[in-house]
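Okay, so here's the structure we're looking at.
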Amino acid sequence: MRDCGACPPVGAVARTLSRSGEHGALWLAAGLTGALTDRERRGAWLRATALIGTAHLASMGLKRVVRRPRPGLGDRQPLVRTAGHHSFPSSHAASAAAAAVALGALRPVGRHLIPPLAAAMCVSRLLVGVHYPTDVAAGALLGGLTAGLGDRWMRGTHV
């Protein structure tokens, strides 16, 4: 996958997606924007944002336990710098999948727009050469489960 990132347009998009997803920034910003603009469901947007943050923090905690090193690329360099040295699970994938589930549930347009963008962000981590496919799959599973388990809380219904 890293070889695909060598194509300049592909690499540029992958770098942009990777940078925008650092620490869940894109998804957290989307959730906060929803809270600011949708007063009727402000609480749900804030809870969805909290679920995204929780998925990200859970992935960071798991990285400290598993301590899997990032992929070795031989003579190639990753296309982006990383905040840490551990790769499992992908925190970008965790926050992206959590956003796809949580934010996608709040707006009909979100159900169609966010999942493909989240999937592209997940793939970007492979293209820039900083994750193994299993890192991304585990991160996506963690994020999706986190948001799915918090769905009733997010919507404000009794748990």
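Just a few scattered comments:
- With distances taken between every two different alpha-carbon atoms, the chain has a Kirkwood hydrodynamic radius of 15.6 Å.
- Sequence-distant residues sharing a close amide H with His86 (under 5 Å, placed H): none
- Whole-Hz ³J(HN,Hα) from phi, Karplus 6.51 cos²θ - 1.76 cosθ + 1.60, for segment 106-118, glycine and proline x: 8, 9, x, 5, x, 5, 9, 8, 6, x, x, 5, 5
- The angle between the Cα long axis of helix 8-20 and the main principal axis of the chain comes to about 50°, on a 0 to 90 degree scale.
- For segment 119-159 versus segment 1-74, the gap between their alpha-carbon centres in whole angstrom: 9
- Here the Karplus relation 6.51 cos²θ - 1.76 cosθ + 1.60, evaluated at θ = phi - 60°, turns the backbone of segment 83-99 into coupling constants of 6, x, 9, 9, 10, 10, x, 6, 6, 4, 5, 4, 6, 5, 5, 4, 5 Hz, with x for every Gly and Pro.
- Think of a 1.4 Å ball rolled over the protein heavy atoms: segment 21-107 then has 51 Å² of accessible area per residue.
- Point-to-point label distance, Leu36-Val66, nm (Cα→Cβ direction, 7 Å offset): 3.4
- Computed over the chain: relative contact order in percent, which uses C-alpha pairs under 8 Å that are six or more apart: 32
- Backbone HN-Hα couplings from phi across segment 60-68 [Karplus 6.51/-1.76/1.60, Hz, Gly and Pro as x]: 5, x, 5, 4, 5, 7, 6, 6, 6
- The alpha carbons of segment 96-151 stretch over 33, 22, 9 Å along the principal axes, in descending order.
- Rel. contact order, % - alpha carbon contacts under 8 angstrom, at least six apart, segment 70-124: 30
- Accessible surface of the chain [probe 1.4 Å, protein heavy atoms]: carbon and sulfur percent: 65
- Taken about its Cα centre, the chain carries a charge dipole of about 240 debye when Lys and Arg each add +1 at the Cβ and Asp and Glu each add -1 at the Cβ.
- Cα shape, segment 1-83, gyration tensor, a/c 1.5 rule: oblate
- Between helix 133-149 and the chain: long-axis angle, C-alpha atoms, 0 to 90°, nearest 10: 10
- Here's the picture: charge each Lys and Arg Cβ at +1 and each Asp and Glu Cβ at -1 in the chain, and of Pro108, Val136, Ile52 the one pushed furthest to the positive end of that dipole is Ile52.
- For the chain, calculated [θ]222 nm from helices alone, where every DSSP H run of n ≥ 4 adds -39500 (n - 2.57): -21500 deg cm²/dmol
The values are calculated or read from the model by the stated rules, or taken from the named source; none is laboratory data. If you're wondering where the values come from, they're calculated on a predicted model, not measured in any experiment. Every residue, glycine as well, gets a Cβ built from its backbone with ideal geometry; the counts of neighbours run over all protein chains shown. Just so you know, the surface numbers come from the protein's heavy atoms only, side chains and all, with ligands and any DNA or RNA stripped out. Shrake-Rupley method; radii C 1.70, N 1.55, O 1.52, S 1.80 Å.
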